[in-house]
1. Which one of His27, Pro59, Pro74 is farthest out on the positive end of the charge dipole of segment 11-82, using unit charges on Cβ (Lys, Arg +1; Asp, Glu -1) and the Cα centre as origin?
2. Suppose accessible area is computed on protein heavy atoms with a 1.4 Å probe; arrange Thr151, Thr39, Thr29 from highest to lowest.
3. List the equivalent ellipsoid semi-axes of segment 97-174 in whole Å, largest first, each obtained as the square root of 5λ for an eigenvalue λ of the Cα gyration tensor.
4. Using the Kirkwood radius over C-alpha pairs as Rh, can you work out the diffusion coefficient of segment 1-93 via Stokes-Einstein at 25 °C, viscosity 0.890 mPa s, in µm² per second?
5. On the full set of protein chains, 1.4 Å probe, figure out the accessible area of Lys33 and give it in Å² to the nearest 10.
6. Most mobile of Glu198, Glu139, Glu26 per a Gaussian network model of the chain (Cα springs, under 10 Å)?
7. Apply the Debye scattering formula to segment 53-209, with a single equal point scatterer on each alpha-carbon and no solvent, then give log10 I(q)/I(0) at q = 0.12 Å⁻¹.
8. Before rounding to the nearest 500, sum -39500 (n - 2.57) across all DSSP H runs of length at least 4 in the chain and divide by the residue total; then give [θ] at 222 nm in deg cm²/dmol.
Amino acid sequence: MPDLPPKMLLDGYRDFRRDAYKAQREHYTELAKGQNPHTLIIACSDSRVDPAVVFSARPGDLFVVRNVANLVPPRDDDGGRHGVSAAIEFAVSALGVDHIVVMGHGQCGGVAACVAGLASLSFKYVGPWLEPLEPARAEVHARHGDADSETLCDALELNSIRHSLERLHDFPFVEDAIRARGLQLHGARFSIHNGVLEWMGEDGEFHPV
């Protein structure tokens, strides 16, 4: 095993200690006492889309869950390890976040794989993980027919967010928090190529902010 981190990580850490950490030392001292994030963000693992960067958030502001294609998986109470569901439960029930944002992005590889057909994937785990996209994909195909792949991907990126938001309502603790203290659910998409953030309105449509 190497005895040091990769050079690019070590250099980055040293820059962080010299600059950002030093400038925010008091803030980190307060964070050491506990966290109180205002928003849970469920985002994609894509390296190009970092919610903390997009929202200019400080450490401690956001509780972030990232996975392939920013999915909220279906509720499953049959045991097993449910990382996303556990994170949602902890954010809502323990941390008491005020907002949950399902944040998709343009040029999402997971969405593109679903549009192309999950059966064609050679990966062992990616295909099964993306299966919850299928109902949203079927709606997109029914609506757009034989449209080109770019159009279908664009539509599925948005429709997948809608479906994930719907699945959040299947968790009793989410519904309890909505009723008891006004927890708010949101959908958003960030476009990598132009930096535009779209926000889902009450009509289910997405509009630039």
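The values are calculated or read from the model by the stated rules, or taken from the named source; none is laboratory data. Quick caveat: nothing in here was measured; it's all calculated off a predicted structure. Please note: Cβ atoms are built from the backbone with ideal geometry, for glycine as well, and neighbour counts cover all protein chains shown. Side chains included, ligands, DNA and RNA excluded: accessible areas come from the protein's heavy atoms. Shrake-Rupley method; radii C 1.70, N 1.55, O 1.52, S 1.80 Å.
1. His27
2. Ranked from most to least accessible, the order is Thr29, Thr151, Thr39.
3. Those come to 23, 15, 12 Å.
4. The diffusion coefficient I find is 155 µm²/s.
5. Around 150 Å² of this residue is reachable by solvent.
6. Glu26
7. Log-scaled intensity ratios, in q order: -0.54.
8. For the chain, the value works out to -12000 deg cm²/dmol.
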